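Only one structure is covered here, and it is reproduced in the block below.
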Ligand code: GLC
């Protein structure tokens, strides 16, 4: 078959061309030359050292001696200002410090966890939320966020699935761009924008067994098709920094992997910023077994392309000796220093190094920010079931019982990496419901704890349920059960929560299960027996109000799953863009790719989410039906709201290349549109498919578009939609 498009060598040339991206200017380069020329080796190395303010004995002295160029975890403006004053006026180089912090989904105004953000399929909303987070964080002296986390995750046992955009590289790339643009703006340099950081480069989410920090091992096809695209999208969006990951990637740890850090990131993509290691990841090369000591670890990491050492003390302790022993050159050090200085200069750090305490008072937790958080929370909610259209509920004339260990929990909704978020700022589900039903007597019983064997409270909860008209049952995970180090071997409800659910449902009262969780859960019993199910993830400070908005119909749920929900942990990894195999699963014969003790289909598929209204898809058109390998087809479809409520539908477009030189996934998301439709309203939506969407990496890692039939689906999820086809011909 004729190959078309960019060869990998071409990609490298492209990367060199792109390298002239507006990252720098002759003035900045001249300034870098001037600074570097005047820096002794020790001061250069200081620029490559990042330490956590709360984890070092004497931060002020480190600054005064020029032994540190960046801090993380400086949590207040006063400390930031004091350290910066020392750097600017007492250190040998007078180079400002860059303060980094994990502003992942908000600073004080906490937004939904990124997985819930992805469930909105609304990049403009995400971009605005990141801009708000930057507005708040920079006011208190933060310059740099270790976000967006863009790791693709296909295994919900991995706790960090909470921090990313789920299982799909297309959705993940859209969200990566939105977050980078939200944090940094269209160009670096504004005082109220943050330097962003695409992490964790690369493949971290493929940890074997879903066990955090575990080995990852994958083909080049999987690396380039699944795990790299969101990073490439972040680089295209201008991300200023990248964080190298903890994991061993195909035998070479990500923080010593020259192929990914230099060949792909810099030579193929033209990345001009700097790479910071993850916490102690350089020194952990010793544990990985690719370095015998810290000196070897430092040498390997610098040569691979890691410019700054986060809390590893490898660069601070070893680089000078390595230069003196001739094992690395001062030029190698200069290259890393230039990259760090380029970001410090391009981000305006020399112009505005200090916090803005007055602005902080105005913007932090402002009414506008809280309203934005409420809208973000609404859009992250996914309606998974609504038997008999139980929802939305009336706010009057209803005896409502709110039950469950998370109903009045104000900590869990913050989710992992909640920065300076405080439970006191959170509206719980119970509080949100009571606020929406003024004057009504909303009964509450906890029933049981999140994760204990104590069922002493179940009887009281069941009694309350039996006396109500409808039960809202709020169950799920604490925030420590996901996020970093939050891997789980089981995916059911922790503790005795499922017993509580079963006992409440057994009362025969209509039951709405509200899930608060940081990952897809395995909830087969609930999926079968609950009347309605709302997936509410961890939605931040406005969690309870948003849940009430959806429960009572003030907001018609529009969220769609960014990750597949398995029926049980035994199905994992299970994801929508899988290969067909030589024996695709059939339930009528054992001799196919299936289980004898479970279905092969997921509980809820990628892209799934219901609404309080009904959308009809019709008139799918693909024009032309035949194109050349560099051609484009236009796909259009009409979507009508045939229900009685206005709503937002997320129309999704998937393709399949059924015959190619390598096996291709049975579906691949290649486009989506978020559309508002009033009752009775219809809109015609169009998409375009060209080499960017139809191409793939062949067995030689070349990007090609191959002739043959292509299938198209346009619909409400990865499992359904109108079907059509077209042909690529030579
Ligand atoms: C952590 C995380 C990383 C975070 C960094 C700084 O170990 O892996 O995501 O940004 O350390 O807190």
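Oblate is the label for the range 584-666. Its Cα gyration tensor axes, ordered a ≥ b ≥ c, give a/c of at least 1.5 and b/c at or above a/b.
Short-range pairs are left out: with C-alpha atoms under 8 Å and at least six residues apart, the relative contact order of the range 607-689 is 33 percent. In degrees, nearest 10, range 0 to 90: what is the angle between the Cα axis of helix 123-139 and the longest Cα principal axis of the chain? On a 0 to 90 degree scale, this one is about 50.
When only alpha carbons are used to place a centre, the range 415-483 and the range 638-686 end up 35 Å from one another. Taking the fewest neighbouring Cβ atoms within 10 Å as the starting point, the ordered list for 216, 395, 511 is 395, 216, 511.
With only Cα atoms counted, the range 443-573 has Rg and Dmax values of 14.7, 42 Å.
Ranking of 482, 366 by neighbouring Cβ atoms within 10 Å, starting from the fewest: 366, 482. One decimal place: the segment residue 220-residue 466 gains 82.9 nm when fully extended, by the rule 0.36 nm per residue minus the C-alpha distance.
Measuring between their Cα centroids, the range 604-635 and the range 246-292 lie 39 Å from each other. Using alpha carbons only, the radius of gyration of the chain set against its Kirkwood radius gives Rg/Rh = 0.98. A helix-only calculation puts the chain at -8000 deg cm²/dmol for mean residue ellipticity at 222 nm, using -39500 (n - 2.57) for each DSSP H run of at least four residues, averaged over all residues. Extent of the range 635-723 along its three principal axes (Cα atoms, max minus min coordinate, largest first): 52, 20, 18 Å. Each DSSP beta bridge with both residues in the chain is either parallel or antiparallel, and the antiparallel ones are about 55%. Between residue 591 and residue 37, the modelled label-to-label distance comes to 7.8 nm, taking each label 7 Å out from Cα in the direction of the beta carbon. A protection proxy built from the mean count of other Cβ atoms within 10 Å ranks the segments 605-612, 582-589, 545-552, most packed first, as 545-552, 605-612, 582-589. Of the residues 290, 659, 242, the one with the fewest other Cβ atoms within 10 Å heads the list, and the complete ranking is 659, 290, 242. Once the Cα-Cα distance is subtracted from the 0.36 nm per residue extended length, the residue 408 to residue 720 segment shows a gain of 108.6 nm.
Label positions at residue 331 and residue 661, each projected 7 Å from the Cα along the C-beta direction, are separated by 3.8 nm.
Would you work out the Kirkwood radius for the range 547-696? I mean one over the mean of 1/r across all pairs of different Cα atoms, in Å.
It is 18.0 Å.
The angle between the Cα long axis of helix 294-304 and the main principal axis of the chain comes to about 80°, on a 0 to 90 degree scale. Helix 367-380 axis versus longest C-alpha principal axis of the chain: approximately 60°, rounded to the nearest ten. With R₀ fixed at 45 Å, the C-beta to C-beta distance from residue 190 to residue 621 puts the FRET efficiency at about 0.55.
Normalised by 2.2 N^0.38 Å, where N is the number of residues, the C-alpha radius of gyration of the range 362-441 stands at 1.27. The modelled label-to-label distance for the pair residue 441/residue 455, using points 7 Å beyond Cα in the direction of Cβ, is 2.9 nm.
No value in this document is a laboratory result; all are computed from the given coordinates. Predicted model only: the values in this text are computed from it and were never measured. With ideal geometry, Cβ positions are generated from the backbone for all residues, glycine too; neighbour counts draw on all protein chains shown.
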